[in-house]
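Read-outs throughout are calculated quantities, based only on the coordinates presented, and are distinct from any laboratory measurement. Keep in mind that this is a model prediction, so the values were computed, not measured. Here the Cβ positions follow ideal geometry from the backbone for every residue, glycine too, while neighbour counts run over all protein chains shown.
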Amino acid sequence: MESTVMEREQSGAAKTDERAGKYLVFQLASEEFGIRVLKVREIMGVQDITAVPQTPSYVKGVINLRGKVIPVVDLRLKFSLPEAEYTQRTCIIVVQVVGEAGPMLMGIVVDGVAEVANLAAADIEDTPAFTTAGEKSYLLGMAKVKGKVKILLDIDQALGNQELHSLEGLTGNR
């Protein structure tokens, strides 16, 4: 019986260690979120976004990034937060996500970028179980930094494979 408890503790520790590393921290409303720096390709100010008809409301459209057309998702709307006017701090984070057809670039609109944080395993706790059985969570964990909680996102899961598949059709580029 003791070995089972130790195995569970060790597997939990391995999971925490896997989540440690560098995260780009950004704001949405009054909350701070983090995504792995390795997923980030570029950070830019908001530019002209070409709307695409018959897409979900959180898909703002597409932008031309050095000759590549990439879809842009407003994370506020995706996470059911109230829509807000874009400001000087609003930016687009270009991330590489993995869809069914392989990796693709996508822009996510956020309220502002705060910092790059190097998170140790001790800073990260498991997320409370919010999801139903069988549903894969887009939350990697909760980081405690300087008395504040930062929500760590698995951006591939947050944008959802089914949605990525439909957005891949917008661009034809991967």
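Residue pairs whose Cβ atoms lie under 8 Å apart, separated by 6 or more positions or on different chains, with the first residue in the stretch 18-47 and within 16 Å of residue 75 (Cβ to Cβ) and the second in a strand (DSSP E or B) and of a type in the set (Ser, Thr, Tyr), are 34/23; 35/23; 36/23. Can you confirm whether residue 111 is of a type in the set (D, E, K, R), touching a Ser or Thr at 6+ places or on another chain (Cβ under 7 Å) and surrounded by 15 or more Cβ atoms within 10 Å (Cβ to Cβ)? Criteria met by residue 111. Scanning the stretch 89-105 for residues that are of a type in the set (A, V, I, L, M, F, W, C) and farther than 20 Å from residue 140 by Cα, we see that the one that is surrounded by the fewest Cβ atoms within 10 Å (Cβ to Cβ) is 101. Restricting the stretch 60-87 to residues that are free of Cβ contacts under 8 Å to residues at least 40 places away in the same chain, touching a strand residue (DSSP E or B) at 6+ places or on another chain (Cβ under 9 Å) and of a type outside the set (Val, Ile, Thr) leaves a set whose member that is nearest to residue 42 (Cα to Cα) is 64.
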